[in-house]
Amino acid sequence: MSTTSRDNEYEERLNIPKSQIWHDMEKHASQRRKVRHKIMLLLLQKQSRMQKNHFISNLTSIAVNIERHLYFNAPSMVAYTDESTLNERLMDIAQCVVGYFNAARANPASK
């Protein structure tokens, strides 16, 4: 099964809508792989040496999920592939995740 087929199948199972008119899974597959690779490199740079072994084993999965989020929330292909804002967009995602976990810890009954 090709990467594109796996991506399409995964997104169909999650019922991710093609909400942006510019989305074209087949056409954008190679650009999405490049963005995923850049995400992985940025994430690796941010990890401490002690955490790296555990983190590397999950890196591909993390990068795939982040890339999908960026792709489906970008207003255009140009915005999605803009390397000058990639780090900022990753930090925005990280802040959302931290906020979610902080809220869950503060209110464990809402799980």
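The values are calculated or read from the model by the stated rules, or taken from the named source; none is laboratory data. Quantities reported herein were computed from a predicted structural model and do not represent experimental measurements. To get the accessible areas, we keep the full protein, side chains included, count just its heavy atoms, and leave off ligands, DNA and RNA. Shrake-Rupley method; radii C 1.70, N 1.55, O 1.52, S 1.80 Å.
Express in nm, to one decimal, how much length is gained between residue 69 and residue 25 on full extension, taking 0.36 nm for each residue of separation and deducting their alpha carbon distance. Gain in length upon complete extension: 14.5 nm.
Taking all protein chains into account, the per residue accessible area for the stretch 31-99 stands at 63 Å² (1.4 Å probe). Residue order by solvent-accessible surface for 46, 34 is 34, 46, largest first, with ligands and nucleic acids left out and a 1.4 Å probe. The alpha-carbon positions of the stretch 23-111 define a convex hull whose volume is 125 Å³ per residue.
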